[in-house]
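Take a look at the structure set out below.
The values are calculated or read from the model by the stated rules, or taken from the named source; none is laboratory data. Note that the coordinates shown come from a computational prediction; the quantities given were computed from them, not determined experimentally. Virtual Cβ from ideal backbone geometry, glycine too; neighbours counted across all protein chains shown. The area values use the complete protein model at the heavy-atom level, side chains included, leaving out ligands, DNA and RNA. Shrake-Rupley method; radii C 1.70, N 1.55, O 1.52, S 1.80 Å.
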Amino acid sequence: MSGKFPTNINPKYIPYTKLHDGVLSCDVPVELNLANTFKGKKVVVTAVPGAFTPTCTEQHIPDYLKNLAEFKKKGIDKIVVLSANDPFVMAAWGKALGYRDEENYIVFATDPNATISKQLGDNYVADLSAVGFGLRLQRYAALVEDGEIKYLGNEDELGFTEISSAKNLLDQI
Amino acid sequence: MSLTEGQQFPDNVEFTYIPIQLDDLALINPLKCDTSAQLKVDELLTKLSTTDTPNLLIVSVPGAFTPTCTEVHIPQYLENLPKLTEAKVGALLVLAFNDAFVVNAWGKVLIKEYVKQSDKALPQVIFASDGGFSGAHDLAADRGGVLRNKRYATVVNAKDRTIKYLGVEVERGVHNSGLDAVLSKL
């Protein structure tokens with residue numbers, strides 16, 4: 001898939017600050033202006049079905065956190081993790097996973113009711129209403145350069161394979 | 001239908017949750033995802049009805065990890081579990097709008113932060129996903145396109161299943177659903 005990554009909806013997130021270092025310490029959500037974030041930059045966007053769920057918490061995001069230095073070396077300016085959870089849950093999850101840096105190189109943001117991911121296609125959302133999760137995001141990863149999608153890969157079964165792995169993303173850059 | 005003081009607690013209510021053991025707080029790991037289970041409230045009430053702590057206390061919040069719920073509302077309960085036992089509360093059931101994994105992670109972090117290990121018997125503490133219960137009983141409100149639990153507390157006497165107390169918040173903050181309001185009714 002090519003084209004522009006949607007910028008009509010700005011995901012909300014809570015920037016990490018030392019003042020609110022604790023997982024239980026809440027700050028105020030702000031908007032991540034996607035158009036500005038993408039402008040002239042290389043950004044990785046990766047989506048997960050749910051914060052604190054097994055695959056996302058034990059495999060997917062830890063894989064990215066381990067490779068932050070590699071992403072920087074390859075010229076990635078920012079990593080945006082999206083999920084349909086609210087910004088409070090996303091911020092707590094980011095801190096619990098161990099990302100506690102005021103640089104906020106990786107941000108944990110909310111795709112409100114999956115309205116951003118839905119624009120990528122039906123395969124980028126997953127209706128998990130049957131198990132009480134509501135509309136969630138399919139697991140996917142995108143490389144966005146100056147707003148243009150250079151790589152976009154989604155998983156079939158909400159699983160975590162090489163498609164959305166850090167290594168695959170790094171190979172695409 | 002709404003819940004009403006003096007009326008019976010509804011039958012066949014179930015919640016999805018992941019059990020948390022209070023026996024050894026050091027073993028609780030918020031990033032360890034366990035398997036979710038079904039909590040059948042009927043079974044819990046039957047169990048409590050045979051004890052000398054027959055009260056089931058349900059505390060509902062709009063969202064895990066949100067400011068009021070995390071910093072004010074639930075901590076006061078967790079810090080005062082022995083007081084709940086004195087008030088004959090055998091189980092504290094915390095409900096939040098979020099899914100069972102998020103509620104479980106939140107519960108684990110809160111318990112590690114606020115519960116003190118004690119030799120005394122403490123109420124069973126359960127963090128569960130609301131799963132539409134509050135909405136079905138007129139105890140939810142639209143928040144940005146999704147129906148989230150209202151903030152409320154209710155006490156059910158397991159011996160006769162009557163609702164002894166229902167305190168719903170009508171403004172921001174913790175008043176009718178807080179520890180003091182609940183304890184004053186028990």
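Tabulated data for the structure shown
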{"read-out": "Test: residue in region B:109-129 that is part of a strand (DSSP E or B), of a type in the set (Gly, Ala, Ser) and within 26 Å of A:LEU128 (Cβ to Cβ)", "value": "yes"}
{"read-out": "Only one of A:ALA91, A:ALA84 that is in contact with a Cys (Cβ under 9 Å, 6 or more places away or on another chain) and either closer than 10 Å to A:PHE108 by Cα or within 13 Å of chain B (Cβ to nearest Cβ) (or both)", "value": "A:ALA91"}
{"read-out": "Checklist (1) surrounded by fewer than 22 Cβ atoms within 10 Å (Cβ to Cβ); (2) within 13 Å of chain A (Cβ to nearest Cβ); (3) hydrophobic (A, V, I, L, M, F, W, C) applied to B:LEU25, failing item", "value": "(2)"}
{"read-out": "Residue within region A:106-124 that is more than 10 Å from every other protein chain (Cβ to nearest Cβ), of a type in the set (S, T, N, Q), open to solvent by 50 Å² or more (accessible area, probe 1.4 Å) and closer than 20 Å to B:VAL103 by Cβ present", "value": "no"}
{"read-out": "Residues that are open to solvent by 10 Å² or more (accessible area, probe 1.4 Å) and within 11 Å of chain A (Cβ to nearest Cβ), drawn from region B:109-124", "value": "B:VAL109, B:LYS112, B:GLU113, B:TYR114"}
{"read-out": "All positions within region A:67-80 that are aliphatic (A, V, I, L, M) and surrounded by 15 or more Cβ atoms within 10 Å (Cβ to Cβ)", "value": "A:LEU68, A:ILE76, A:ILE79, A:VAL80"}
{"read-out": "Test: residue in region A:45-57 that is of a type outside the set (Asp, Glu) and over 27 Å from A:GLU162 (Cβ atoms)", "value": "no"}
{"read-out": "Condition met for B:LEU93 (more than 9 Å from chain A (Cβ to nearest Cβ), over 26 Å from A:GLY134 (Cα atoms) and crowded, with 21+ Cβ neighbours inside 10 Å)", "value": "no"}
{"read-out": "Selection within region A:32-66 - more than 14 Å from chain B (Cβ to nearest Cβ) and open to solvent by 40 Å² or more (accessible area, probe 1.4 Å)", "value": "A:ASN33, A:ALA35, A:ASN36, A:LYS39, A:GLY40, A:LYS41, A:LYS42, A:LYS66"}
{"read-out": "Checking A:GLY159 against (1) in contact (Cβ under 8 Å) with a residue 40 or more places away in the chain; (2) surrounded by 15 or more Cβ atoms within 10 Å (Cβ to Cβ), the condition it does not meet", "value": "(2)"}
{"read-out": "Among residues of region B:55-70, those that are at pLDDT below 90, under 22 Å from B:PRO123 (Cβ atoms) and either surrounded by fewer than 24 Cβ atoms within 10 Å (Cβ to Cβ) or touching a Cys at 6+ places or on another chain (Cβ under 8 Å) (or both), counted", "value": "1"}
